[in-house]
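Taken together, the values in this text are just the output of simple stated rules run on the coordinates, not laboratory data. Here the structure is a predicted model, which means the values were calculated and not measured. So basically every Cβ, Gly included, is an ideal-geometry build from the backbone, and we count neighbours across all protein chains shown.
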Amino acid sequence: MKTTVRISPEIAEQYRSIFLVAIAASGLRTASAALPVTAMLDEARLALDSERVDLDGLAVHPRLAPWRSAAQAMELSPSTFRSSTEQLVRRIARDGTLSMRLPLVGFYCGVSARYWAPIGAYDADRLPAADIVLRAARPRADTFEPLGGDAAKMPITERLVVYASASTIVCYAFNHRDSRLTSLAETTDRAIFLSEAIVLEQREASSTAITRLATELRAAGATVSQLTWLERSHPEAELVL
């Protein structure tokens with residue numbers, strides 16, 4: 001399997017500190033059952049407890065505020081279109097855990113919350129093309145079918161930043177919401193995992209989160225590619241598995 005991951009020139013220019021880190025993994029149907037999901041979620045909760053996370057102050061938290069600024073730049077309400085990181089941190093800090101139907105989803109969401117870094121996951125066999133591009137949305141051509149959301153409440157505008165495969169939006173507003181067409185399912189055996197940073201201060205968290213995910217997937221029996229990094233000076237890479 002070969003998948004190309006790219007950052008479009010316009011996004012590289014607009015977000016000059018943009019940084020992506022990615023892996024591909026296979027053998028996930030078997031490996032998912034061996035992942036320590038509960039332990040990962042407990043680790044995330046304990047880490048948040050130790051930081052004494054204040055739910056009222058998350059909007060200005062230095063690891064989350066850049067995502068709110070990005071939402072404003074896309075002309076979206078930051079409190080409505082929260083980053084996936086903020087959504088997960090809020091849920092675990094409030095409820096103590098997450099309830100996810102699929103173990104693999106629960107696990108990577110636990111990793112995301114543990115390191116305060118967004119992680120996107122896409123079923124490689126359901127992607128409409130062999131590439132994923134972080135780019136500006138194309139209102140006349142792109143389509144989006146949100147996972148657990150209402151498409152009518154998610155406008156596709158030229159200011160919107162999306163992950164897309166051909167004309168299918170696979171994730172909306174950087175990392176706000178996945179598409180149901182390419183999200184992980186019970187049948188998923190091969191997937192692409194991505195984390196992005198838009199300011200320099202977020203890079204270490206993204207790298208650490210994807211490194212941890214890769215390590216745990218290998219330990220569970222999955223085959224995992226080498227980590228691949230993309231940034232403004234290196235906007236394209238191939239994931240080979």
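Taken together, PRO78, PRO62 contain a single residue that is out of contact with any Cys (no Cβ under 9 Å at 6 or more places or on another chain), assigned to a loop (DSSP other than H, G, I, E, B) and either surrounded by fewer than 13 Cβ atoms within 10 Å (Cβ to Cβ) or basic (Lys, Arg) (or both), which is PRO62.
Within segment 176-203, the set of residues being among the basic types (Lys, Arg), closer than 18 Å to VAL5 by Cα and in a loop (DSSP other than H, G, I, E, B) is empty.
List pairs: first residue in segment 54-71 and without any contact (Cβ under 8 Å) to a residue 24 or more places away in the chain and closer than 12 Å to GLU86 by Cβ, second residue of a type outside the set (Gly, Ala, Ser) and part of a loop (DSSP other than H, G, I, E, B) anywhere in the structure, Cβ distance under 6 angstrom, at least six positions apart or on different chains. Going by the 6 Å Cβ cut-off, the qualifying pairs are ARG68/PRO78. For segment 133-143, the count of residues that are under 18 Å from LEU102 (Cβ atoms) and surrounded by 23 or more Cβ atoms within 10 Å (Cβ to Cβ) is zero. The number of residues in segment 31-59 being of a type outside the set (Gly, Ala, Ser), surrounded by 13 or more Cβ atoms within 10 Å (Cβ to Cβ) and farther than 15 Å from CYS109 by Cα comes to 2. For residues in segment 144-162 being closer than 20 Å to PHE193 by Cβ and touching a Phe, Trp or Tyr at 6+ places or on another chain (Cβ under 8 Å), which is surrounded by the most Cβ atoms within 10 Å (Cβ to Cβ)? If we take residues in segment 144-162 being closer than 20 Å to PHE193 by Cβ and touching a Phe, Trp or Tyr at 6+ places or on another chain (Cβ under 8 Å), then VAL161 is surrounded by the most Cβ atoms within 10 Å (Cβ to Cβ). Would you say ALA121 is closer than 26 Å to ARG29 by Cα, surrounded by 14 or more Cβ atoms within 10 Å (Cβ to Cβ) and of a type in the set (A, V, I, L, M)? So ALA121 passes the test.
In the set ALA136, ALA151, ALA117, which member is in contact with an Asp or Glu (Cβ under 9 Å, 6 or more places away or on another chain) and without any contact (Cβ under 8 Å) to a residue 24 or more places away in the chain?
Details: ALA136 fails: without any contact (Cβ under 8 Å) to a residue 24 or more places away in the chain; ALA117 fails: without any contact (Cβ under 8 Å) to a residue 24 or more places away in the chain.
When all the criteria are applied, what remains is ALA151.
Among residues of segment 217-241 that are of a type in the set (Phe, Trp, Tyr), those with a beta-carbon under 6 Å from a residue that is not in a helix (DSSP H, G or I) at least six positions away or on a different chain give the pairs TRP229/VAL21.
All conditions in (1) assigned to a loop (DSSP other than H, G, I, E, B); (2) within 27 Å of ILE11 (Cβ to Cβ); (3) in contact with a helix residue (DSSP H, G or I) (Cβ under 9 Å, 6 or more places away or on another chain) hold for SER99, with the sole exception of (2).
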